[in-house]
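Encoded as structure tokens, the structure appears first; notes follow it.
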Amino acid sequence: MSRRLLTIGIIVATVVILTGCNVFGDGTFPVGSVDSQNVGGVVTPGTYESTGGQGCYWQRSTDLSGSESSIIANNFLNGPDVVTVAPTDGGFQSEGCGLWTVVPSSGPEATTFGDGGYAIGIAIAPGTYEAPGGPDCYWEQDSDFLDSGNSIISNNFGDGPQTVTLASNAMRFLVQGCGTWTQGTTAQPGSTCTATMSNSTPGDSGDDTVNVTSNVLDAPVLVTKYYKTTTTTDSGTTDGSGSASITFDIGHPTIDYTVQVDVDINNGEAACSTSFTPQ
């Protein structure tokens with residue numbers, strides 16, 4: 001999925017207040033506190049989710065000038081999305097995203113979904129998900145809803161089948177063009193897996209080792225590492241006790257960026273994750 005900057009003129013829109021929460025659709029709105037009459041159609045700071053649409057565009061900006069230089073963050077996607085409007089934002093713009101409402105404290109935690117951005121633990125359940133992929137498949141998991149470059153925990157463009165274990169600190173899962181995502185059903189009852197890094201804070205070059213403990217014996221192991229700008233894989237095999245140690249070249253990763261490491265044993269029979277942060 002490609003992100004792009006769009007300059008869209010200011011659109012007049014009506015904001016409806018329901019039980020003290022902002023509900024709004026297409027338009028360009030100042031960000032601030034709402035008075036009893038909601039004069040000016042103000043969007044209050046908070047985290048919002050949209051009902052979604054084909055060709056949804058939104059942006060957070062420093063002001064209402066409409067200039068590209070004022071854009072803090074933006075996204076162009078199909079489906080719903082979730083975004084935090086910060087108190088320091090000057091404006092919020094939406095086009096074709098449906099209605100925006102405040103994200104609830106709990107939700108249905110769906111285990112099957114298509115294109116869009118989703119709040120993990122509210123809109124979708126945590127866990128491991130699989131999708132068929134496609135020529136324009138892109139996925140991303142984020143540590144917050146601000147949609148900045150620093151928000152990304154891991155991401156990938158992939159043509160073929162995709163398997164993603166949502167990180168424990170992930171709050172948003174953004175997917176486009178990958179088909180239907182379904183919570184993994186290939187793990188076998190009783191199959192276990194744990195993974196640790198030999199060095200969780202390595203330097204910016206050299207080797208590191210992921211140590212795997214499981215009860216899946218003599219089975220293939222796939223290790224996937226989600227760097228800030230690329231994704232790499234290495235493979236190995238568990239031994240007769242279910243253990244494996246897979247050493248890889250970490251290259252020159254981004255310093256202080258946490259790299260998630262996913263471990264898949266025997267094509268989904270067991271899965272686990274760990275991470276390392278280059279120093």
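The values are calculated or read from the model by the stated rules, or taken from the named source; none is laboratory data. This one's a predicted model, so the numbers in the text were calculated from it and none came from an experiment. Ideal geometry is used to build each Cβ from the backbone, glycine not excepted, and the neighbour counts take in all protein chains shown.
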Filtered residues of region 93-110 (kept if surrounded by 15 or more Cβ atoms within 10 Å (Cβ to Cβ) and of a type outside the set (D, E)): Q93, S94, G96, C97, G98, L99, W100, T101, V102, V103, G107
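A quick yes/no check of all residues on (1) modelled with pLDDT of 95 or more; (2) closer than 25 Å to L77 by Cβ; (3) crowded, with 18+ Cβ neighbours inside 10 Å:
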| site | (1), (2), (3) |
| --- | --- |
| T165 | no, yes, yes |
| L174 | yes, yes, yes |
| T185 | no, no, no |
| T232 | no, no, no |
Some residue of region 253-265 being part of a strand (DSSP E or B) and touching a Gly at 6+ places or on another chain (Cβ under 8 Å): no
Filtered residue count, region 211-232, keeping only those that are among the β-branched types (V, I, T) and over 21 Å from A170 (Cα atoms): 4
Enumeration of residues in region 139-158 that are assigned to a loop (DSSP other than H, G, I, E, B) and either of a type outside the set (S, T, Y) or buried (at least 18 other Cβ atoms within 10 Å of the Cβ) (or both): D144, F145, L146, D147, G158
Wholly enclosed strands (runs of 3 or more DSSP E) of region 43-133 bearing at least 3 residues closer than 18 Å to V164 by Cβ: 116-119, 128-131
Residue within region 210-223 that is surrounded by fewer than 18 Cβ atoms within 10 Å (Cβ to Cβ), outside the structural domain of I153 (by TED's automatic domain parsing) and under 14 Å from P278 (Cβ atoms) present: no
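May I ask you to verify whether D136 is closer than 24 Å to T231 by Cα, surrounded by fewer than 21 Cβ atoms within 10 Å (Cβ to Cβ) and touching a helix residue (DSSP H, G or I) at 6+ places or on another chain (Cβ under 8 Å)? Give the steps one after another, and end with the answer.
Values: closer than 24 Å to T231 by Cα: yes; surrounded by fewer than 21 Cβ atoms within 10 Å (Cβ to Cβ): yes; touching a helix residue (DSSP H, G or I) at 6+ places or on another chain (Cβ under 8 Å): no.
When the stated conditions are applied, D136 does not pass them.
Kindly indicate whether P161 is within 19 Å of V23 (Cα to Cα), free of Cβ contacts under 8 Å to residues at least 40 places away in the same chain and surrounded by fewer than 20 Cβ atoms within 10 Å (Cβ to Cβ).
Numbers: within 19 Å of V23 (Cα to Cα): no; free of Cβ contacts under 8 Å to residues at least 40 places away in the same chain: yes; surrounded by fewer than 20 Cβ atoms within 10 Å (Cβ to Cβ): yes.
Here the answer is no, as P161 does not meet what is asked.
Which of the following residues is at pLDDT 90 or above and within 15 Å of the chain's Cα centre (by Cα): A244, A170, A195, A219?
Numbers: A244 fails: within 15 Å of the chain's Cα centre (by Cα); A195 fails: within 15 Å of the chain's Cα centre (by Cα); A219 fails: within 15 Å of the chain's Cα centre (by Cα).
Of A244, A170, A195, A219, the one residue that is at pLDDT 90 or above and within 15 Å of the chain's Cα centre (by Cα) is A170.
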